[in-house]
Amino acid sequence: MDFSNKVVLVSGAGTGIGEDTAKKFLDNGAFVVANGRRAGVLENCFANYKDRVAILPGDISDPDTSRRMVEEAVSKFGGVDIVVNNAGIFKPTPFLDHTEQDVSDYINIIFKGSFYLSQAAVPEMIKRGGGSIVNVGSMWATQAVEATPSSAYSAAKAGVHALTRNLAIELAKENITVNAVAPAVVETPVYNSFIPEDQVSGVLEGFNGFHPLGRIGKPEDIASAILYLASNEAEWVTGAILPVDGGVMAGRNLQA
């Protein structure tokens, strides 16, 4: 897929799905504004891309971060064509153990982050004659998993799915497509935040059988789907929530 001279905003670009997505866009000719909380991590990730990437660290739940990303895209690269709302957190927690801060963090980072960045970017996309927004949703938004109690996370991601459909309708007249990917278990550094490092590999391998295709996902699996939805090949696709989940939502693997 060719994204030559397209300008892409990616939140949560420092690791995992966001990092792989940003690099795939760059490798296919795009310019990228990469957001994350840690400037050093972002700079290390994209050191080889030089003038084709702009680093903008900041809390994506703060509307000012989104405004600054858009301003950076316009001043350095001339506008905005594509938005990838990827930033998120994930830490399975039983419902009765959730704190007010937990709930706020999930809503702020996942839902508000997606809302504010899209809202800031759309006026510039309209100036370019259209574009694409791709949100990173989740299998957990549509299906509860007993092994990973995730009520607050699931609610925030369900909000992203609803936002996707609403924006698809509102922005269709502006030639802006809005879609989402819904991953199942994907091997990313997020699991290191609540599983001891020496156990992560074994725990994740235990989820292979949960997926009918027999393995957990890789960041590049999700990134490839994101690039498709942002490409000209998907110009007649909008409002879609695309499961990229190894078959989980198609039905349960009896060997799991």
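The values are calculated or read from the model by the stated rules, or taken from the named source; none is laboratory data. Bear in mind the structure is a predicted one, so any value in this text is a computation, not a measurement. Backbone-built Cβ (ideal geometry, glycine too); neighbour counts: all protein chains shown.
Examine region 109-124 for a residue that is among the aliphatic types (A, V, I, L, M) and surrounded by fewer than 20 Cβ atoms within 10 Å (Cβ to Cβ), and state whether such a residue exists.
Checking region 109-124: not a single residue is among the aliphatic types (A, V, I, L, M) and surrounded by fewer than 20 Cβ atoms within 10 Å (Cβ to Cβ).
Failed condition for T238, given (1) among the hydroxyl-bearing types (S, T, Y); (2) surrounded by 14 or more Cβ atoms within 10 Å (Cβ to Cβ); (3) without any contact (Cβ under 8 Å) to a residue 12 or more places away in the chain, with all others met?
Condition not satisfied by T238: (3).
Could you tell me which residue of region 140-160 is farthest from the chain's Cα centre (by Cα), considering only residues that are crowded, with 20+ Cβ neighbours inside 10 Å and assigned to a helix (DSSP H, G or I)?
Residue satisfying both the conditions and the ranking: A152.
Could you say whether any residue in region 144-158 is in contact with a strand residue (DSSP E or B) (Cβ under 9 Å, 6 or more places away or on another chain) and closer than 27 Å to A73 by Cβ?
yes
Pick out the one residue from V181, V200 that is in contact with a helix residue (DSSP H, G or I) (Cβ under 6 Å, 6 or more places away or on another chain), without any contact (Cβ under 8 Å) to a residue 40 or more places away in the chain and not in a loop (DSSP other than H, G, I, E, B).
The conditions single out V200.
Which one of these is at pLDDT 95 or above and surrounded by fewer than 16 Cβ atoms within 10 Å (Cβ to Cβ): E197, E170, E205?
The conditions single out E170.
Picking from K76, K91, which residue would you name as being among the basic types (K, R) and closer than 24 Å to A152 by Cβ?
K91
Just to verify a result, which residue in region 173-194, among those that are under 30 Å from G129 (Cα atoms) and among the aliphatic types (A, V, I, L, M), is surrounded by the fewest Cβ atoms within 10 Å (Cβ to Cβ)?
Filtering first and then ranking leaves I176.
Residues that are free of Cβ contacts under 8 Å to residues at least 24 places away in the same chain: list the strands (runs of 3 or more DSSP E) wholly contained in region 1-85 that include at least 3 such residues.
Here the list reads 53-57.
Tell me which residues, restricted to region 157-170, are hydrophobic (A, V, I, L, M, F, W, C) and touching a residue at least 60 places away in the same chain (Cβ under 8 Å).
Of everything in region 157-170, those that are hydrophobic (A, V, I, L, M, F, W, C) and touching a residue at least 60 places away in the same chain (Cβ under 8 Å) turn out to be V160, A168, I169.
Considering each of D81, D64 in turn, give the residue that is surrounded by 24 or more Cβ atoms within 10 Å (Cβ to Cβ) and more than 22 Å from K157 (Cβ to Cβ).
D81
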